[in-house]
Each structure stands twice: as structure tokens, then as C-alpha cells.
Amino acid sequence: MESLVSETRTPIRIGDRSTSDVVVRIRTQDGRDDWFYCHSQVLIEKSKYFADRLSENWPTCQILDSRNCVEVYCQESEFDHHVSVLRLLYNVIDGFVDDMWHGVKNALGILQVAVNLGCPQIITACVDYLEAVPWEESEEEEILKIIPRLGTQVEPILARLLPVKQSAIMGIFFSTIRFATSSPPPIMNDLKSSAQEQLEYMLTEDDDAPLLAADDEIKSEVKDCVKRLFERFNNLLEALLCEMELFSDGGKMHSFQSLLSDLSWACQILCKLEIMRELVCNWTDASDKIVKVVKEASPTAELIETKLRVIEVAAKILEAIGYGTVILPMAKRLHMVKVWLPFVRVAKPLIDSVTTARDDAPTVKMDSELWQSLESTFVSVILALPSAEQAEILTEWLGNEHIQYPDLTEAFEVWCYRSKVSKRRLSFLAVNHDKINTY
């Protein structure tokens, strides 16, 4: 009796010929053929496939030493995974085999074999492992190809990839927009830049639809956040106007540049949501103060970058005006041209003269496309003004030493054409006036 108890407590091991009663023969089309001495007790208990093959309903082949033989055919690439599954049938205890997987790719291969052979304990252990460990991008793509084909039992693996409720997305968006439009300590600038990038990504339609719809609640929150951002900018602007010497202070200079960068980014978000109007109006009203602060500031290397950032924001504001995204009265549009045209034409040569070879060069340079876009915007804004105001602007441009940029040739040509043909094209107005006067 003691001998029997001792035998039942002795663990059985794969490959133990002395106790084996089954041979599992794993074969590939390439001719690979390996035999594994196994135990029907383990195979039947832990694998539906082997339980079926070793049942009385399935004919088996007798080999040497009166052992049953079960053949398993697989691809060469799957061979090692089949061997691993056989070994795991002997090792998996309550799903815990943390040191047996050797990476995500290997675990995926084992999981596919375990599903095919109907091994619930190994499947559970694989799912627990893959659900918990980090994935490389290539591994994630492989998981997306494989897991959906394996049934509901492995779906927990995909939990991190599933869509979330709209309320959760809204919560993330609100927290992110508030942080992205805040003014944290400089040490957190990288975090804020990352938040801004992700907000833009959320709202961008590319191969996929935007992450969230731009409903009234979203627009209201964004407008409130940008409004607070501009209030901080305007407060700093007022302080600089009162004490111009403070602008030479590095801290205030960096704060001013940071707020300008945030406003430039905010323009992109507002454009996507089609809610630019409030920022355009606020910037238009503050334009005189902005130009005055920058013009009267102490000439330093940082001032070049400040002018650059000012022009970046102004370009986006003018673009919204010039292409009808935001409709402003004629007087305000004329004012924007008269404020920003002289500023830009003087600032461009200064910015262009700074080369990256200099130690005090600004960290950011305005690309040529933005200069070209700004030039086209000026032309568009000018051509929408009354002809008399156009004539005034063009007269000043033709006599200015900075005639080369912005190049208003297109506006000049259109003005000449319109002026020359105006009497003929608008002759009906004179006729109508005569008719009215006769009554």
C-alpha cells in the first residue's frame, strides 16, 4: 500500500519511457518527425484534442512496447510551439508559468497551438501573460492579426485596444485641453507640448475619423480655455507696456514667447473646430499693443525669436480674415493691414539675416512656405477692401524700401484692372441713380 502511494506521488515527466503509455509523434511536411513519450492521463485531462484521439471512438496505432501513438501534423514554423505545448501540459499549474513564455511572439505561437489542441489551462496562462506584458509595435500588429481568429476565450488580450466610452474620451480631452492651455513651470514644457500634439491628433481626420465629435460642449470648453490663455497673454502685454524695461528680463521674455507659441497652437485647434472668431477679434483689438511692445523692446537675440512667434500667430489670424473664415467689418480689416504689413516687411529681413551658424541665433526659423502664405493672405485681405483703401495701401507699398516683401504685385494688377473697367462694368449704377433722381 505504501509503495502505491509513493508511486502516485511521484511526478510524471514528459519523455519518461518507463512510465509512458503514449507516443506523440509531431511531423511536418518538410520531413521532420520527432517522438515524445507522454502519458495518457496528462494528455486526456488537459487537451480535448488528445482526449478525443485517445478515446475508444478514435482508432489508434500501436507501436513498440504496446504504446498508443497519436500523430500531430504542423507547419515547420509551428514545430517548436507544438513541443512547448506538450511540455506545458506537464508544467501548467493553475495557470501560473510566468517564466515559460520567452516573449510575446513565442507566447502567441503557443497560444495558437493550445487553441487548436483544446488546452484550456495553457490558453488561460497564455491569455494572462499576453494581457499583462508590454508589447512592441510590431507585436501589437501581430496580435491584431491573430487574436480575433481564436475566439472569445482570448478576447481579454485585446482589452487595451478596445474603444472606450465617449464619456471617458471627453474626460481625457477636457483634462488635456486645460493642461495644454495652462502656464506650468518651464520644466513641464515637454509635457505640455506632448499634450498639445495629442489634442491635435484627437481632432484630426486621417485614415480614421477624429477621436471625438466637435459638439457644443467640446467647443465651449476649448473656447473657455483659449479665452483664459489670451487673458494671461493680454495681462503680460499690459504689464510690459507699463514697464518696458522689464522686457529685457529673460523670464518675462520666455513667458511672452511661451504664450505666443501656445496661441499659435491654439489657432490650429480653433480652425479644426471652426471657432476662430473670438481669438481673431481679441488679437485684432490687441494688435497695436503687441506691435508696440515688440518694437520698443531691448534689441536682444531673443527678440528675433519673439518677432518670429508674433508673426506666426498674426499670419494665422490674418489667414482666417483673408479667406473668410472669420468675417470682420471693413474698418477692422483695414486696421489689421495697416498694423501688420509694416511690421512684417521690416521684421522679415531681420529674421532672414539670422543664420543657424551664429551662437545667438533663434532656435526656430520661419519656413519659406509660411512667408509665402502670409504674402498671399495680405493680397487676399487687401483685394477685399474698398478700391480707395486699396489705392492708399498700394501707393505706400510702391514707395517703400521694402517693396520686395510682401510682394503685392497681384493686388496691384487686380486693382489696375478693376479701376480701368469699373465705369463700364458699373455703368448700370449711374443709370439707376439717374432714374432715381427723376422721381
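The values are calculated or read from the model by the stated rules, or taken from the named source; none is laboratory data. Keep in mind that what you see is a predicted model, and the values were worked out from it rather than measured. Cβ sites come from the backbone with ideal geometry, for glycine too, and all protein chains shown count toward neighbours. For the accessible areas, the whole protein counts, side chains as well, though only heavy atoms, and no ligand, DNA or RNA atoms are used. Shrake-Rupley method; radii C 1.70, N 1.55, O 1.52, S 1.80 Å.
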### Task
Would you mind listing how long the chain runs along its three principal axes, going by Cα atoms, in whole Å with the largest first?
125, 60, 42
#### Entry: Full-stretch length increase - residue 271, residue 207 - with 0.36 nm per residue and alpha-carbon distance subtracted
21.1 nm
### Query
Which of the pairs 292/332; 165/316; 192/223; 307/332; 272/348 have their Cα atoms more than 25 Å apart in this structure?
165/316; 272/348
### Summary
Once the dipole of segment 178-258 is set up from charges on Cβ (+1 Lys and Arg, -1 Asp and Glu), the residue from the list 187, 226, 211 lying farthest towards its positive end is 187
### Message
Quick check: the angle from helix 409-425's long axis to the longest principal axis of the chain, C-alpha only, nearest 10 degrees?
### Response
60
### Message
With an 8 Å Cα cut-off and a minimum separation of 6 or more residues, compute the relative contact order for the chain in percent.
### Response
8
### Task
Would you tally the net charge around residue 112, using a Cβ to Cβ cut-off of less than 12 Å, leaving residue 112 out, and scoring K and R as +1, D and E as -1?
+1
### Two-site label geometry, residue 142 and residue 174: point separation in nm, points 7 Å out along Cα→Cβ
4.1
#### Entry: Rg to Rh quotient for segment 182-251, alpha carbon positions, Kirkwood Rh
1.12
### Task
With a Förster radius of 41 Å, plug the Cβ-Cβ distance of residue 189 and residue 132 into 1/(1 + (r/R0)^6) and report the FRET value to the nearest 0.05.
0.75
### Message
Quick check: at a probe of 1.4 Å, how many percent of the accessible area of the chain sits on carbon and sulfur atoms?
### Response
52
### Within segment 263-326: Cβ-based charge dipole about Cα centre, in debye rounded to nearest 20 (Lys, Arg +1; Asp, Glu -1)
20
### Query
Given a Förster distance of 60 angstrom, what is the FRET efficiency for residue 419 paired with residue 87, based on the Cβ-Cβ distance and rounded to 0.05?
0.10
## Note on the structure
Candidate cut points under GluC sites (Glu not before Pro) in segment 270-347, DSSP loop plus at most 11 other Cβ atoms within 10 Å of their own Cβ, are 274
## Note on the structure
With +1 at each Lys and Arg Cβ and -1 at each Asp and Glu Cβ, the charge dipole magnitude of the chain around its Cα centre, to the nearest 20 debye, comes out at 1720
### Spherically averaged projected area of segment 179-295 from its Cα convex hull (nm²)
7.7
### Summary
Asserting the computed 222 nm helical MRE of the chain (DSSP H runs at least 4 long, -39500 (n - 2.57) per run, divided by residue count, to nearest 500) equals -20500 deg cm²/dmol
### Query
Can you tell me the accessible area per residue over the chain, all protein chains present, probe 1.4 angstrom, in square angstrom?
56
### Query
If each of residue 106 and residue 158 carries a label point 7 Å out from its Cα toward its Cβ, how far apart are those two points in nm?
2.7
### Query
Using the Karplus equation 6.51 cos²θ - 1.76 cosθ + 1.60 (θ = phi - 60°), what ³J(HN,Hα) coupling, rounded to whole Hz, does each residue of segment 276-282 give in order, writing x for Gly and Pro?
6, 4, 4, 5, 4, 5, 5
### Query
Full extension from residue 238 to residue 286: what is 0.36 nm times the residue separation minus their Cα-Cα distance, to one decimal in nm?
16.3 nm
### Summary
Checking segment 149-248 for trypsin sites (Lys or Arg not before Pro) in a loop per DSSP with at most 12 other beta-carbon atoms within 10 Å yields 165
### Task
Please work out how much length the chain gains when fully extended from residue 56 to residue 323, using 0.36 nm per residue of separation minus the C-alpha to C-alpha distance, in nm with one decimal.
88.0 nm
### Acute angle (nearest 10 degrees) that the helix 120-132 long axis makes with the longest principal axis of the chain, alpha-carbon atoms
30
## Note on the structure
For segment 130-178, listing GluC sites (Glu not before Pro) in a DSSP loop whose Cβ sees at most 15 other Cβ atoms within 10 Å gives 136
## Note on the structure
One point scatterer per Cα, no solvent, Debye formula: log10 I(q)/I(0) for segment 144-195 at q = 0.19, 0.22, 0.23, 0.29 Å⁻¹ comes out as -0.73, -0.81, -0.84, -1.04
### Summary
Per residue, the convex hull enclosing the Cα atoms of segment 173-215 spans a volume in Å³ of 59
### Message
At R0 = 30 Å, how high is the FRET efficiency between residue 410 and residue 331 if r is their beta carbon distance? Nearest 0.05 is fine.
### Response
0.80
